[in-house]
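Reviewing the structure listed below.
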Amino acid sequence: MTIPVLTLPWQLNSSAIATVAEDTAKLAAGGWPPELHIDFQPLGFVRPAGVVFLSNLISWLHSQGTKVLLKNIDLNTQALVFLDDSLFFEQHCGAKRRVAAAPRATTRPLKRIAHEDSHAWLRSDLVPWLAGRLGTTTASLHPFQNCIAELFNNIQDHTRYDIGTIFAQHFPRENRVYVTLSDMGAGIPFNVKTAFPQLSDYQAIVKATEYGFSTKPTPRNQGIGLDYLITQVVGQNQGTVTFCSGYSIVRFEPGPAGIQNQELWSTGFCPGTTVDIVLRTDTIIHVPDEPEDLEW
């Protein structure tokens with residue numbers, strides 16, 4: 001029996017992962033195979049969305065009973081060295097490929113975080129790192145912190161795994177910060193279609209971002225969540241948010257008449273949900289930190 005091979009493209013970003021999703025779906029046309037090889041040789045450039053999506057895909061394949069073998073990962077290319085420094089291979093192969101591999105100052109390395117640990121990690125790790133990179137205060141990043149916290153809340157509410165995979169990278173020359181978070185749940189379209197089965201996957205993702213929409217009756221999750229994320233990142237910061245879930249990839253971005261969305265891809269299966277956030281660093285409003293109360 002021939003073992004199917006998933007060959008990665010040269011560039012792996014939020015747009016290119018659609019190709020990976022489509023190729024994966026083709027390889028699994030007759031059901032998820034017992035073993036699958038992923039060939040890294042062509043890979044030349046990878047963005048945070050690619051790092052997290054690929055990590056989530058491997059974990060998801062394992063959960064389906066598919067053994068995954070990573071091929072050509074010892075090549076000394078910039079993309080593979082970057083993945084090694086991002087701790088991608090440590091997570092999926094059990095060890096780094098290079099002794100000197102270590103997280104770069106411009107990144108927060110790939111990490112799997114349970115919901116119960118997520119809020120503390122945001123306060124003590126991600127937000128202080130980002131404030132230091134941008135030379136701003138943690139108070140200036142509170143809206144962004146709340147956005148990521150809500151995504152972790154969604155993972156708790158809508159998946160049975162209760163764990164998210166996250167990776168962040170600062171691109172100072174672009175005045176951008178990329179933060180990507182994924183889960184191994186049923187996906188946004190599946191959850192929305194329990195209430196609106198007539199919607200396409202694209203329509204279901206858009207529906208999930210409407211103010212007040214929730215598939216859960218819990219008061220905490222009504223009126224906040226994805227709508228807040230879109231408003232803060234796209235409306236206020238003028239950044240972008242891309243959702244990859246089910247059979248659709250949808251990007252929300254600023255437009256002439258306000259926030260607009262477009263479907264980037266409608267074929268190929270994206271397991272769980274991957275959310276790719278791109279923040280502009282030149283539009284973040286500086287807010288001074290509140291002084292500590294030193295009274296006893």
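Please treat every number below as a calculation from the coordinates, not as lab data. Keep in mind that what you see is a predicted model, and the values were worked out from it rather than measured. Backbone-built Cβ (ideal geometry, glycine too); neighbour counts: all protein chains shown.
So for the chain, taking the charge dipole from beta-carbon charges (+1 Lys/Arg, -1 Asp/Glu), which of ALA102, GLY225, ALA16 sits furthest toward the positive end?
Looking along the dipole axis, the top candidate is ALA16.
Regarding the chain, what are the three Cα extents along the principal axes, ordered largest first, in Å?
Per principal axis, max minus min of the Cα coordinates gives 70, 52, 42 Å.
Over the chain, calculate the relative contact order: mean separation of alpha carbon pairs under 8 Å at least 6 apart, over the residue count, as a percent.
Details: 559 pairs, mean separation 53.6, N = 296.
Computed over the chain, the figure is 18 percent.
Using θ = phi - 60° and the Karplus form 6.51 cos²θ - 1.76 cosθ + 1.60, what ³J(HN,Hα) does each residue of segment 169-184 get, whole Hz, x for Gly and Pro?
8, 9, 10, x, 5, 9, 6, 9, 10, 9, 10, 10, 10, 9, 9, 10
Can you tell me the Rg and Dmax of segment 1-121, counting just the alpha carbons, in angstroms?
In order Rg, Dmax, the Cα atoms of segment 1-121 give 14.6, 48 Å.
Within the chain, which is the longest segment containing none of the GluC sites (Glu not before Pro) that sit in a DSSP loop and have at most 14 other Cβ atoms within 10 Å? Can you show the working numbers first?
Numbers: sites that count: GLU210, GLU292, GLU295.
Answer - 1-209.
Treat every Asp and Glu Cβ in the chain as -1 and every Lys and Arg Cβ as +1, leave all other atoms uncharged, and give the resulting dipole magnitude about the Cα centre to the nearest 20 debye. Mind showing how you got there, number by number?
Numbers: 22 positive and 28 negative charges, 147 e Å.
The calculated dipole for the chain is roughly 700 debye.
Mind checking which lysines have their Cα closer than 21 Å to the Cα of LYS71? Skip sequence neighbours fewer than 8 apart in that chain.
Excluding near neighbours in sequence, the set is LYS26, LYS96.
Using a/c under 1.5 as the rounded threshold, could you call segment 224-266 rounded, prolate or oblate? The axes a ≥ b ≥ c are square roots of the C-alpha gyration tensor eigenvalues, and prolate needs a/b larger than b/c, oblate otherwise. Working shown, then result.
Details: a/c = 2.66, a/b = 1.45, b/c = 1.83.
Taking the square roots of the gyration eigenvalues as a ≥ b ≥ c, segment 224-266 is oblate.
With only alpha-carbon pairs counted, each pair once and no self-pairs, how large is the Kirkwood hydrodynamic radius of segment 91-217 in angstroms? Provide the component values of the computation, followed by the final result.
On the way: mean 1/r = 0.0603 Å⁻¹.
When all Cα pairs of segment 91-217 are included, the Kirkwood radius is 16.6 Å.
I'd like the distance between the alpha-carbon centres of segment 230-272 and segment 107-125, rounded to an integer number of Å.
Rounded to whole Å, the Cα centres lie 24 Å apart.
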